[in-house]
Each structure stands twice: as structure tokens, then as C-alpha cells.
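Structure, as C-alpha cells:
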Amino acid sequence: MEKEVKRFPVSHVIGFLASLALTFIAAVIALKTSLSFKAIMWIIGSLAVIQAGLQLFMFMHMTEGEDGKTNIINIAYGVFVAVVVVVGSVWVLTSGHAAH
Amino acid sequence: MGNIKWDEFFITGDPLILGAQVSIALTMLGVLFGLTYLKKWKWIWREWITTVDHKRIGIMYIIAAILMFFRGGIDGLLMKAQTSRPEMGLLSSQHYNEIFTTHGVIMILFMAMPFLIGLMNVVIPLQIGARDVAFPQLNALSFWLFFSGAMLFNISFVIGGSPDAGWTSYFPLAGKEFSPSIANNYYAIALQIAGIGTLMTGINFIVTILKMRTKGMTLMRMPMFTWTALVTSGIIVAAFPIFTVALALMKFDRLFGTHFFTVSSGGSDMLWANLFWLWGHPEVYIVALPAFGIFSEVIATFSRKQLFGYKSMVYATVGIALLSMVVWVHHFYTMGSGPGVNSFFSLTTMLIAVPTGIKIFNWLFTMRKGRIKLSSAMLWALAFIPTFTIGGVTGVMLAMGAADFQYHNTLFLVAHFHYVLIPGVVFAVFAGLYYWWPKMFGHMLNERLGKWHFWLFNIGFNVTFMPMFFLGLNGAVRRSYTYSAESGFAPLFLLSAIGSVILAAGFAVFCYNIYWSIRYADRNISSDPWDARTLEWATASPVQHYNFAKLPEVKSFDAFWQMKKNNEGLTLKDSEIEEIHMPSNSGQPFMMCVIFGVVGFFLVFEWFIPAAIASVGIIVGLIYRSFDYNDGYHIPVEEISKTESTWRNEKGEVHKHVG
């Protein structure tokens, strides 16, 4: 335990800097570029997802401890279900006759 | 309070319903009188209503499920009687609509699910060597919320009117525009309340199985039933929230005039079908997977062999769980989402037959060269394989999007899902009940009556539903209350109706078997009457409330079998007994049942002010629970020692097999 406390928190620093960078990139793209609305939404949305993943691994100790594996399976399953429900519903309801 | 006319509050004018009202009133009076006369009020409150013991909760689930089986079965018989001849006048079209709706909802949500959850409750903690589930009081709350929802749904046919838009309750029919009466509110609200209970059960069992396994019980040593219960709980947690949201939106549409699913004002009626089946298809596997687990236990025990291909069985179960989330559109190909969508879902649907096929072969190979004992439980498992395969094969036929346009909405489909759900679930719960009955009550169900039950039920089932395949192929549509003589459907419909009577006779024998066995069955049986393989048989029958005096240590798969073979871990020395910490009983879950029932009832009738006042009770209950610091109690060593000596013989060993 003590060893871990004394060690320099490299991953935390990297995570912190990366989060800052991602936030600024998002802000710059949203406020200072003349890309189309759709493109901006896609880019900052993707950056947000990357940052959320970063937080989970770097700060929330998702992979650590005795439940590390369980946590990863949980989150992967949660993401799978959410994607199926949202993307699936949109796809089903906007294709074929439903699309007019 | 102007949404219902008072003269419509009680349903009147139909002799069938009048008869039901009278019999309900008489039954309730009988129960109240009986409890008072026998001075059992305190007993039922202390031992059952307030219990947090997983075995008792399981038994209550099973009793409720058998009652609901009876109710849903009567619905089925009425439908079969109505269609037994062309142009029958037994039921009006409206009454028929209500009956097929309640039949579907009750059989799936209030019979199949509680039956399986009941068996899971009784067996899972024992199989993993635990003393209770992870959250015992939450478990009681799960049961009481299920019960609240079930009772609310069941009063609909005498008070206010039954839902009549099918168990799928498709919009726009189920919306206010086409179903203005309050009847369909029952669907939205009763299922919502019961659904909360189911979701909590899912969470409870995930935590129980992941966290409370005894020493040495690794995941890959867990019995198959425990595995399927774990995976099922995972599907419950994924799928039930979808239904919860869909029902909430339905409620907003019906009660408050929103337009989520309406045709006008930007609503999408197809969204309901989509959300319903996003839950509804995983729901099929929620009831099928634990059933597969039961068959695995029964087949291994009565073939006296280790389950064949255990690992592939586990992977197949997980595979079915994942695939079950991506096949939902096959329930509404005809909605017209286009060839791309329909092809994708045809493929995933056919894919799901692969892991299911793996399971079928594993069961067959388990039996191969086994010493098969044809007990009642094993008969159900044996009959399951060919009948379920018929259901599976017709399922693959329906899976083809293009072909489905021909079968859709015909009795072919109805026959198909009865061939899946009756062998896949009902046979399983019967097998499980015959198998675990001695564990629950300390005596067996009569084997001779069990065989009558089996043969009548099985023959009746096939005679009822096999003709429906051919009726469907000939063009008979489902949910139609009558047909003309010229259609030529009459002979097969009559055959099907005769089958349903045989089916009902089988169920009657089952009920008689329970009665007979409670009164006359031999109580002097071994705690391991089947010479079984898993840990639930390592303790007394009926199981003492703390389950295990000393938690068993597991060294391999089929733990109890190995313990018996190596003769280790079976004895209990007095010095090994320690105090056991157990949770205290609580009346709060039952209170919540009553309050939820009252709130639900007011909401059904759209009496919002009384509903708001009553729902304060729910919040008070939540707050009360947050400050509830009862940590349970300890069972003293002397009491354990006394209890253990009643069932262990002098050397402290498990009784030998009786048969």
C-alpha cells in the first residue's frame, strides 16, 4: 500500500492534461471554427465520449481492486445496451415505410 | 373524479362475471373466516407476511404463480370454448378481447415469471452455499410489489373493466383515442408496480450470486441453474427499465394527454411496438433461461452423470443473453422497416438458434449412457426436448422476414410461441417443483399422480396447440372471437378445444397431487431423496431458516456429489457450530404493497388528488427505511445444535438415499 502512495501519480497527471486538452479543443471547435452545426456536434460529441472514458480509467480506478473485471464487464454491457436501444430504435423507426 | 360513471364501477350484466364476483367475495370471506376460526392471524403475519427468509418468499411466489396459472388457464379455456364451434355465442367480441389480453399478461408476467423467480428464491442461495440473498428485505419488497401489481391487474375484470388491447397493448388501439375507458390504465399501472419488484429481484440476485458464494465456489463451479439465474438477472436489469419507461410514457399519454405514441400531434405509435419488444424479446429469455437451468439440474441428477459440456453451456447462456437484445424487430417485420432492417433481424434471430441448439445437444449427451431414472421431474425434462424443438424449428420459420409476412398474426404464430413457452417454461417449473418439493416441504409429491399429471398435461398440450399450426397455415387469424362455418376451420378448432380440456384435467391432477401429498405423503424421507449433485441437498428438508449450520466448502463442480463420493464435509462437530447472524423480519414490504396498491388503484381511475395523498405513504416508507438501523439478530449455538440434531443421524452424517 505505502509504495503506491509514494509513487508519483503519472497516470493522473496525464489524465488531467489530456482532459484539459480535450476540453479546450472542444471549446475552440465549437466557438472559433465555421464548420457546419452537424459537424461540430459530431466532433464535440466524440470528444466528450473519449473524455468520459479517460475519466473512468484514469481517475475512477475502474480497472483496479477486486471488482476491476466486473466493473469493465458492467460498463461494456451498459454501453452495449444503451447503443442497442438508442441506435437500434432510431434505425428501425427511420427506415422503410417509417421514413415515408 | 368525473372519468367514470359510478354505475360502471362494478362490471354488471354478464352472468360469467357475476359468478366470478360472487366466488371472489365468498373466497375472501372464507379466507378471513378460516384465519380467524383457526386463530392463525398472528401466525400468518409473523411467519409469512413479514418474513424475509428467501425460502418462504420463494414459496409465496410459487403459491401466487399457481393461483395465477389457474386464473390464466380459465381465460384460456373460455377462449377455447368460444372458438370450439363456428359462430359460438358464449362470449361477446369485447369480452373475448379482454380475455385474450388478460390471459397473455397473466401467464407471462404473473405466472411464468413469479414461478421461476420463486424457484430461484428457494434454490439459488442454497446452491451457492449462502444463508440468504444479499438484500433480504428488498427481496420481500420485490415479492410484495409483484403481488400488489398482480392483484391490481386481477381486480380489473370485476371493477372498472379489463384491458382489451392485447398483451402487447399496441398503440394507437391502446391509446385514449380508441380505448377511452379506464380499462387499459390497469395494464400500464399494474405492470409498472410489478415491474419495480422484478427489477429489484434482478439486482438482488446479481449481487447475491457475485458476492455471497461460499468458500471455493468459483464462477465456473456454480451449478447451471445458478448460472442461468445470474445471466437472467443481467437481462432483467438491462431490459426492464425499457419497459418501465415505455409504460410511463403510456401512462402520460393515457392519463395526462401527452402524445408520445398517438397518431396525431407528432406522436409515433410504432415507437411503442419498438420499445415494447425491446423489452419483450429479452423477456422471453428471462423466462426461458432459468427454465433451461432447471432442466440442466434435473437431467444431470436423473441421468446420474455430470452435465455434459458445462463450459459450452455457460457460454451458450451468455451468448443467448447478448443476442436476445438484438432480435426484437422480428416481432413486427410487417411494420415495414424495409429490407435492410428486416434482413438484419432475420439473421440475428436465426443466429440465436445456434446457442440454443448447443444446449439441446448438451442435454442429449448428458443423458447418453447415463442411468436414466424416469421420475416425474425427469419426464417433464424428457418431454421438453422434442416439443421445444418443434417450437424452435417453427421459430426459425418465423424468423425469415419475407416468410413471416405469411404467418404474421395467424394462429401459426400462436401455436409457435405456445410450443416454446409451455415446454420451455411450464414443463420446467413442473420439473423444478417435483424436483425441489421435498427440499421445500420435507415430503415428496406423489409420483403416481405426478405421472397422471404429466401424461394428461402433455397429451392435452399437443392436442390443443398442434392443430393451431395448421389452422394458422390455412389462414385462421389470432385474436378473432369467431369464424364462419364456410371457412372449414371447425374440425381443427374443435380438436383444439378438446385438447384444452385434457390439458385442464392435467392441471387438476397437479392441484390434487399437492393436496394429496400435503395430507398423506411420507414425512420420513432423506434430505437427499434423489441422490442429487448440488449443495441445496447438503442440508435438511425442509431447510432450517439459517440454511447451513456450517457453510460448506466447495472443491469442484457438482460439489455435493463430490462431498458424498469422498465422504468429506458432511459431518458437523459441536465445536464447529458458531452463532449465526440473520436478518430480522419486517412488516414494511407488506405496507408498501398495500400503499402501492391503493395509489395504483386511484391512478387507474384517474383520481389524481387521492392518488397524490396516498403516494405520500410511499415517500414516508422510503424515509422510514432509510433510518431503519435494525441489524438483525444472532441465533445462539444451543438452538443450532438442537435443530441440527433433529435431522442428522448420530454420527452427524447425511441420511442415506431412501429409494
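The values are calculated or read from the model by the stated rules, or taken from the named source; none is laboratory data. No experiment lies behind these values; they were computed from the predicted model shown. Positions of Cβ are backbone-derived with ideal geometry, glycine not excepted, and every protein chain shown enters the neighbour counts.
The table that follows gives values for the structure above.
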read-out	value
When residues of the range B:345-362 are limited to those that are over 25 Å from the mean Cα position of the chain (by Cα) and surrounded by 19 or more Cβ atoms within 10 Å (Cβ to Cβ), the one nearest to the other protein chains (Cβ to nearest Cβ)	B:F345
So B:A540, is it in a loop (DSSP other than H, G, I, E, B) and under 28 Å from the mean Cα position of the chain (by Cα)	yes
Residue in the range B:239-248 that is under 30 Å from B:W607 (Cβ atoms) and either away from every other protein chain (no Cβ under 13 Å) or touching a His at 6+ places or on another chain (Cβ under 6 Å) (or both) present	yes
Verdict on B:D14 being modelled with pLDDT of 85 or more and surrounded by 13 or more Cβ atoms within 10 Å (Cβ to Cβ)	no
Members of the range B:46-62 that are part of a helix (DSSP H, G or I) and surrounded by 15 or more Cβ atoms within 10 Å (Cβ to Cβ)	B:W48, B:I49, B:H54, B:K55, B:R56, B:I57, B:G58, B:I59, B:M60, B:Y61, B:I62
Any hit, the range B:407-424, residues being without any contact (Cβ under 8 Å) to a residue 12 or more places away in the chain and either touching a His at 6+ places or on another chain (Cβ under 6 Å) or in a helix (DSSP H, G or I) (or both)	no
In the range A:48-91, the residues that are outside any helix (DSSP H, G or I) and in contact with a helix residue (DSSP H, G or I) (Cβ under 7 Å, 6 or more places away or on another chain)	A:F59, A:M62, A:T63
From B:M444, B:M400, B:M440, residue being free of Cβ contacts under 8 Å to residues at least 60 places away in the same chain and either closer than 21 Å to B:V123 by Cβ or surrounded by fewer than 20 Cβ atoms within 10 Å (Cβ to Cβ) (or both)	B:M400
Residues of the range B:327-356 satisfying the condition of being in contact with a helix residue (DSSP H, G or I) (Cβ under 7 Å, 6 or more places away or on another chain) and aliphatic (A, V, I, L, M)	B:V327, B:V329, B:M335, B:V341, B:M350, B:L351, B:I352, B:A353
Residue in the range B:113-126 that is surrounded by fewer than 23 Cβ atoms within 10 Å (Cβ to Cβ), part of a helix (DSSP H, G or I) and among the polar types (S, T, N, Q) present	no
Helices (runs of 4 or more DSSP H) completely within the range B:548-650 that count 3 or more residues being more than 29 Å from the chain's Cα centre (by Cα) and over 28 Å from B:I189 (Cα atoms)	B:559-566, B:637-647
Test for B:I577: is it exposed (fewer than 13 other Cβ atoms within 10 Å of the Cβ) and either out of contact with any strand residue (DSSP E or B) (no Cβ under 9 Å at 6 or more places or on another chain) or more than 23 Å from B:F441 (Cβ to Cβ) (or both)	no
Check on B:Y315, exposed (fewer than 15 other Cβ atoms within 10 Å of the Cβ), away from chain A (no Cβ under 11 Å) and aromatic (F, W, Y)	yes
The one condition in (1) among the polar types (S, T, N, Q); (2) modelled with pLDDT of 95 or more; (3) surrounded by fewer than 23 Cβ atoms within 10 Å (Cβ to Cβ) that B:S233 fails to fulfil	(3)
Residues satisfying the stated conditions in the range B:321-344, i.e. in contact (Cβ under 8 Å) with a residue 40 or more places away in the chain and at the interface with chain A (Cβ under 7 Å from one of its Cβ atoms)	B:M325, B:V329
Residue check for B:I502: of a type outside the set (D, E) and closer than 25 Å to B:S303 by Cα	no
Only one of B:F276, B:F261 that is within 13 Å of chain A (Cβ to nearest Cβ), buried (at least 24 other Cβ atoms within 10 Å of the Cβ) and either of a type in the set (D, E) or not in a helix (DSSP H, G or I) (or both)	B:F261
Hey, B:K369 more than 14 Å from every other protein chain (Cβ to nearest Cβ), out of contact with any Cys (no Cβ under 8 Å at 6 or more places or on another chain), in contact (Cβ under 8 Å) with a residue 12 or more places away in the chain and over 30 Å from B:A504 (Cα atoms) or not	yes
Per-region count, the range B:163-181, residues more than 20 Å from B:G280 (Cβ to Cβ) and either in contact with a His (Cβ under 9 Å, 6 or more places away or on another chain) or buried (at least 24 other Cβ atoms within 10 Å of the Cβ) (or both)	0
Residues within the range B:475-518 that are under 24 Å from the mean Cα position of the chain (by Cα) and farther than 27 Å from B:Q406 by Cα, tallied	17
Unmet criterion (only one of (1) over 16 Å from the mean Cα position of the chain (by Cα); (2) closer than 30 Å to B:V327 by Cβ; (3) modelled with pLDDT under 90; (4) not hydrophobic (A, V, I, L, M, F, W, C)) for A:G53	(1)
From B:V314, B:V318, B:V329, B:V298, residue being over 23 Å from the mean Cα position of the chain (by Cα) and among the aliphatic types (A, V, I, L, M)	B:V329
Qualifying residue in the range B:460-478 (condition: under 15 Å from B:H416 (Cα atoms), among the charged types (D, E, K, R) and surrounded by fewer than 20 Cβ atoms within 10 Å (Cβ to Cβ))	yes
